[in-house]
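Chemist: Take a look at this one; I'll ask things after.
The values are calculated or read from the model by the stated rules, or taken from the named source; none is laboratory data. Note that this is a predicted model, so its numbers are computed, not measured. Because the Cβ atoms are built from the backbone with ideal geometry, glycine has one as well, and the counts that use them run over all protein chains shown. Ligands, DNA and RNA are excluded from the accessible area calculation, which covers all protein heavy atoms including side chains. Shrake-Rupley method; radii C 1.70, N 1.55, O 1.52, S 1.80 Å.
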Amino acid sequence: MFWIVLLFSSCDFFKKEVKPTAIARVKDSYLYKEELNNLVPKGTSKQDSLQIVRSFIDRWASQKLLINAAELNIDSEDKAAFDELIKQYKIDLYTKAYIEKVVKKTLDTIISEQDLEAYYKNNKENFKTNGTLVRLRYINLSKDNPKFESIKSKFLDFKKSDKKFWDTYALQCKSFALNDSMWVDLSSVYDKLPFINPDNRDQYIASGKTIQHSDSLDVYLVKIRQIIDKNQIAPFDYLKPTLKEVILNKRKLELIKKFEKEITDDAIKDKDYEIYK
């Protein structure tokens, strides 16, 4: 019985090792079949599959040929410089990934309205407008709309209590924007109200101005609530998304600086980091 067990064990021991199947070679480098696993998406036709595989093999071969040629033709001084760059890139890549992981885990991303207001108050001189900002409301509807006069009356004497009215009749407009508490860039006004352009903007764009403009098919009703010209301090409401990003980035930089100091201090304390005099 012992010999039978030994015989079977010996058969297993001397079983031939399955070698990977090479499908291409460039000098001493081989591309193996296993490296093509998951290359072709499921459901791809046979013709497209062959094209994908062939393109991959050709690219692999050209890269191998190019690196071989580069190693032969680039002088040793340049090679040493490139090797240092590769070494530094690895360090930067690893440390960046690790720091981002730490930051993601520990960064306080909650920003209150008070945080935003305080930062704006202390730094608003740094936030000047790049262009003109406008608060307005407008509607664009067909000239033959049977409810035009009623819609116009409600538009000019705009009240929040008329929400039900606008829920019904705003849908009859070709386009509209009724939230005149929101600041928008003047360039977006040109897109929505094509009869206004940079050449005639002074004719239309003024705080408190009411506009009724008609063409062959449509009529536009516009009420300009307020404007802020270029190079003025941008309003708080307009800046809120930017302020959030600025505060988050500031917190992130402070956290990274703190983390780098702590990891260095801990290494000194544990005698893992020493400077020899």
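Chemist: Length gain on complete extension for the stretch Val102 to Asp48, per 0.36 nm per residue less the alpha carbon to alpha carbon distance?
Modeler: 15.1 nm
Chemist: A follow-up question, please. If one puts a single equal scatterer on every Cα of the range 47-184 and applies the Debye formula without solvent, what log₁₀ I(q)/I(0) results at q = 0.15 Å⁻¹?
Modeler: Calculated log10 I(q)/I(0) at the listed q: -0.97.
Chemist: Thr210 label point, 7 Å along Cα→Cβ, cut-off 12 Å on backbone N: hits in the range 152-174?
Modeler: The answer is 152-158, whose backbone nitrogens lie closer than 12 Å to the label point.
Chemist: I want to check the label-to-label distance for Lys271 and Gln203. Put each point 7 Å from Cα in the C-beta direction and report it in nm to one decimal.
Modeler: 8.5
Chemist: Still on this structure: Just to verify a number: FRET efficiency for Arg25 and Ser55, C-beta to C-beta distance, R0 = 22 Å, to 0.05?
Modeler: Calculated transfer efficiency: 0.80.
Chemist: Consider all pairwise Cα distances in the range 105-206 and report the whole-number % of them above 15 Å.
Modeler: 73
Chemist: Under a point spin-label approximation (7 Å from Cα along Cα-to-Cβ), what is the Ala69-Lys147 distance to one decimal in nm?
Modeler: So the two model labels end up 7.2 nm from each other.
Chemist: Given the pairs Lys27/Lys87; Lys105/Lys277; Lys46/Lys101, which are separated by over 32 angstrom at their Cα positions?
Modeler: Lys105/Lys277; Lys46/Lys101
Chemist: With Rg and the Kirkwood Rh both taken from Cα atoms, where does Rg over Rh land for the chain?
Modeler: 1.24
Chemist: Where does the chain land at 222 nm, in deg cm²/dmol rounded to the nearest 500, when only DSSP H runs of n ≥ 4 count, each adding -39500 (n - 2.57), divided by all residues?
Modeler: On the way: 9 runs with 143 residues, N = 277.
Using -39500 (n - 2.57) per qualifying helix, the result is -17000 deg cm²/dmol.
Chemist: Which of the pairs Lys19/Lys79; Lys96/Lys240; Lys143/Lys192; Lys104/Lys244; Lys128/Lys160 have their Cα atoms more than 24 Å apart in this structure?
Modeler: Going by Cα-Cα distance, Lys19/Lys79; Lys96/Lys240; Lys128/Lys160 fall outside the 24 Å limit.
Chemist: Hey, if you put +1 on the Cβ of every Lys and Arg and -1 on every Asp and Glu Cβ in the range 40-188, which of Tyr94, Val40, Trp166 ends up farthest toward the positive end of that dipole?
Modeler: Trp166
Chemist: Another question, if that's okay. Only four residue types carry charge here, +1 at the Cβ of Lys and Arg and -1 at the Cβ of Asp and Glu. Report the dipole size of the chain about the Cα centre in Debye, rounded to the nearest 20.
Modeler: 940
Chemist: With N denoting the number of residues in the range 108-147, provide Rg(C-alpha) divided by 2.2 N^0.38 Å, to two decimal places.
Modeler: Normalised by 2.2 N^0.38 Å, the Cα Rg of the range 108-147 equals 2.19.
Chemist: Still on this structure, please answer the following. Can you give me the Cα centroid spacing of the range 82-140 and the range 216-262 in angstrom?
Modeler: So the two Cα centres are separated by 11 Å.
Chemist: Ok, one more. So, by mean Cβ neighbours within 10 angstrom, what's the order for 150-156, 90-96 with the highest one leading?
Modeler: Working: 150-156: 15.4, 90-96: 10.1.
Highest to lowest by the protection proxy: 150-156, 90-96.
Chemist: A further question follows. Given a 1.4 Å probe, how much area per residue of the chain is accessible, in Å²?
Modeler: With all protein chains present, the chain gives 77 Å² per residue.
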